[in-house]
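The values are calculated or read from the model by the stated rules, or taken from the named source; none is laboratory data. As the structure is a prediction and not an experimental result, all values here were calculated from the model. For neighbour counting, all protein chains shown are included, and Cβ atoms are generated from backbone atoms with ideal geometry for every residue, glycine included. Surface accessibility is based on the protein's heavy atoms, side chains included, excluding ligands, DNA and RNA. Shrake-Rupley method; radii C 1.70, N 1.55, O 1.52, S 1.80 Å.
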Amino acid sequence: MRSLLALLHTSEPAAAQARTEIGPPPADGYRALLDPHRLLEHLSFHAPHEDRPIGLDPDQLATVRQQICQGMAAVTLAHMRNHLAHRPDTNADFKDMVRSAVRRMNSFPDPDSGLADQTGPGDHLLPDPPIRYTVSFHTCDDVDQVSLIYSTAEPGPAHLNLLVPADWGPTIATPGQAVLAGRPVTGVLHRDQNGRPTTVWVVEVEEVRPTPSGDRTVWHLAARSKLADVDWSSGRPRLFTPEPADSP
């Protein structure tokens, strides 16, 4: 609150520092944050207590944060719908069942495929209200780790602690590559001649598991970092894991 008051009533240098701490203004301006409930909600989204990536001003960081939160929410919904739609074939050959399970584990459901707009018989099991995310950042060298363990039994949004390299801001976020196919990108290993990422580390929702709880369904979520290739042939990124050649 002291930082907010400083932002509203002090000179530009002090206000700029407070703005960095609080984040960009909401649509109805900083004065709306004088409401403590609005302030807490705003700060929970902009995560002031974090190791912020360098090279991004507050507006850029807020845009990236929103893209990540919206993308992860859409990806999670796609995984939930896939889970509800999948019905294992108990009569299938064991090898085919294993191959199908591995293929699902290595797939990246497309949140822009229109699946989120379709209705199905399992829709009543989806979280209501829909799941939301917040994200904070931590700079480190080990970007193949991720922190997300969440249950819809807990109130509030799911919180993703994103581990990114020190140069993530200027090399990945600033070129507009912080999110591909809805997934946060934490590392780029290879690019094509046009500078588009072709091999990346992304954060993927690893576990989507519903369990009955009284008169509702509780969803349990976990995520992990995955290495993926990127196909740009359709004009937008499609993530995939190459399938190994069949053994002779």
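When you look at Val203, is it surrounded by 14 or more Cβ atoms within 10 Å (Cβ to Cβ), assigned to a strand (DSSP E or B), without any contact (Cβ under 8 Å) to a residue 60 or more places away in the chain and aliphatic (A, V, I, L, M), yes or no? Spelling it out, it is not the case that Val203 is surrounded by 14 or more Cβ atoms within 10 Å (Cβ to Cβ), assigned to a strand (DSSP E or B), without any contact (Cβ under 8 Å) to a residue 60 or more places away in the chain and aliphatic (A, V, I, L, M). Within segment 175-190, being in contact with a strand residue (DSSP E or B) (Cβ under 8 Å, 6 or more places away or on another chain), open to solvent by 30 Å² or more (accessible area, probe 1.4 Å) and in contact (Cβ under 8 Å) with a residue 12 or more places away in the chain holds for Val179, Val188, Leu189.
Scanning segment 215-226 for any residue that is touching a Leu at 6+ places or on another chain (Cβ under 9 Å), polar (S, T, N, Q), part of a strand (DSSP E or B) and closer than 23 Å to Pro165 by Cα turns up at least one such residue. Among the numbered conditions (1) within 23 Å of Thr174 (Cβ to Cβ); (2) open to solvent by 40 Å² or more (accessible area, probe 1.4 Å); (3) free of Cβ contacts under 8 Å to residues at least 24 places away in the same chain, the only one that Gly195 does not meet is (2).
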